[in-house]
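A short write-up of the structure that comes next.
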Amino acid sequence: MAVWKGSHTVTDWSDCIVAIAQRRDRQQFAALFAHFGPRLKGFFLRRGLTAGTAEDLMQEALLMVWRKADRFDPQRAGASTWIFAIARNLSIDLKRRERDPGLLAEFYDGADQPTPGELLLSAERDGRIRAALAALPADQAEVVRLSFFEERPHSQIAEELRLPLGTVKSRVRLAMMRLRALVEERQ
Amino acid sequence: MIQHHPAPEILAEYAGGALHAGAMLVVACHLETCAVCRSEVSLWEGVGGALLDETAPEILSHRALEAMMARLDAAEPQSARPSMPDFLKDFDLPAPLKGRTVGRRRRVTPNIWFAPVDVPGEGSVRTYLVYAGRNTVLAEHTHVGREFTHVITGAFTDTGGRYDKGDFACTDETIIHTPGVTGETGCLCLISADAPMRLTGLPARIIQRLTGTLY
């Protein structure tokens, strides 16, 4: 199996989820919790939720990992990417109302025809994405984090960074183009 | 062959979870048929994963791990998949739509019907299926906010060109249009609008036969 140099964790967490799926391994789950729990709480806090809700959703997300571990395909997505998608779905769900237990948004989570990009080993792809992110100019990386990850409206980012709205929008656009180019160029 | 795709910004919004649930559903239906957009979304989800790894860890509450472990053995709640109404049984429906509850069909002319798609948390109907038979056209209208459309079957022609099965259309208040069904069959679309839409009164206002007869 190809491992992206310098980031073994990318595949290790995938192995961990596979062990959870195959053996219902509680020790592996506790290790996963120790790594992702505090980060997921950070993710939800950054999306403007209170500490209590952020911690509840963190638990929901990791419970989902425990229950759906058999649907995790390490060839298709890295562990962090898969867990990010689960957390994102939960944050949308929360916006939706007092929730229907068990009802999760039916996001697309399977593929029929993988593209060449999808056939790349996910660990390798995640490695490329990390490298591309690291190669972004700092001002572009910052707007990507604020707008995409923390889901702040562009107008709010403009206010916080004391920039004209047009500048924020063009940085987001430039960052997207650059990321795509960097990842594709490495394929 | 898919000709019309969501703009890159829409795919980024989808990947980040910034769209409302109905809009997410429409984009998910497009993704099912479009490997190109799927690849773009997976790039963004990869960015999300990388940023999650880089997020500064927050301190968890006392005994958070014990609380978590105690939940692992709880029975998983089973949610039954709603069954699709009979009037949809002859259509090849996108998988993301199959988990949803589709409401009663309202025929607004012999040739055109609407059916609401239940998207929890949306106060009013703004996500729905619309079917229009051959040679039908919607009268000139515009939208408040954005409206996303996914073509499930058939084709329609609009200011943006011809939209076939799998194509994605996005309109907003800057677009005034009169979409019309083209081709040999009727056209079934999934639509989700930013602004709530009232179905009552709609037929009289916007539905028109190609012949110009106003219903």
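When peptides B:35-41, A:158-164 are sorted by average Cβ neighbour count within 10 Å, with the highest value leading, the order is B:35-41, A:158-164. Each Lys or Arg adds one and each Asp or Glu subtracts one; over the other residues with Cβ under 9 Å from the Cβ of B:ASP194, this totals 0.
Interface between chains A and B: roughly 5400 Å² of accessible area buried, both sides summed (probe 1.4 Å, protein heavy atoms only). The residues of the range A:136-187 expose, per residue, 55 Å² of accessible area to a 1.4 Å probe. For B:THR136, the residues whose modelled amide H falls within less than 5 Å of its own, excluding neighbours fewer than 5 places apart on the same chain, are B:VAL181. Simple point charges give the picture: +1 on the Cβ of Lys and Arg, -1 on the Cβ of Asp and Glu, and for the range A:136-187 a dipole about the Cα centre of about 160 debye. Length available on full extension from B:ALA70 to B:GLN3: 0.36 nm per residue minus the Cα-Cα distance, which gives 19.1 nm.
Taking 0.36 nm per residue of separation and subtracting the Cα-Cα distance, full extension of the segment from B:THR101 to B:SER83 would add 5.7 nm. Counting Cβ atoms of other protein chains within 10 Å of each Cβ in A:18-30 and taking the mean gives 1.
Heavy-atom accessible area with a 1.4 Å probe sorts B:THR159, B:THR101, largest first, into B:THR159, B:THR101. What the Cβ-Cβ distance of B:THR174 and A:MET177 gives, at R0 = 25 Å and to the nearest 0.05, is a FRET efficiency of 0.55.
When B:THR142, B:THR55 are compared by accessible area of protein heavy atoms, the largest-first order is B:THR142, B:THR55, using a 1.4 Å probe. Note on A:ARG162 and B:THR142: the model spin-label points, each 7 Å out from Cα along the C-beta direction, lie 3.9 nm apart. Quick note on chain B: its Rg to Rh ratio, both from C-alpha atoms and Rh being the Kirkwood radius, is 1.05. Measuring with a 1.4 angstrom probe and ignoring ligands and nucleic acids, A:ASP15 comes out at about 90 Å² accessible.
Using bins of 10 Å that start at zero, the share of Cα-Cα pairs per bin across the range A:136-187 amounts to 27, 53, 16, 4, in whole %.
Shielding by partners for peptide A:75-88, expressed as the average number of C-beta atoms from other protein chains within 10 Å of each residue's C-beta, is 5. In the range A:136-187, Cα pairs under 8 Å separated by at least six residues give a relative contact order of 41 percent. What the phi angles of the range B:112-117 give under the Karplus curve with 6.51, -1.76 and 1.60, with θ = phi - 60°, is a coupling list of 9, 9, 10, 9, x, 9 Hz, glycine and proline written as x.
Give me the inter-chain shielding for A:142-151: mean count of other chain Cβ atoms within 10 Å, whole number please. Per-residue shielding by partner chains comes out at 4.
The values are calculated or read from the model by the stated rules, or taken from the named source; none is laboratory data. The model shown is predicted, which means the values in this text are computed figures rather than measured ones. Please note: Cβ atoms are built from the backbone with ideal geometry, for glycine as well, and neighbour counts cover all protein chains shown. Note: areas computed on protein heavy atoms with side chains; ligands, DNA, RNA excluded. Shrake-Rupley method; radii C 1.70, N 1.55, O 1.52, S 1.80 Å.
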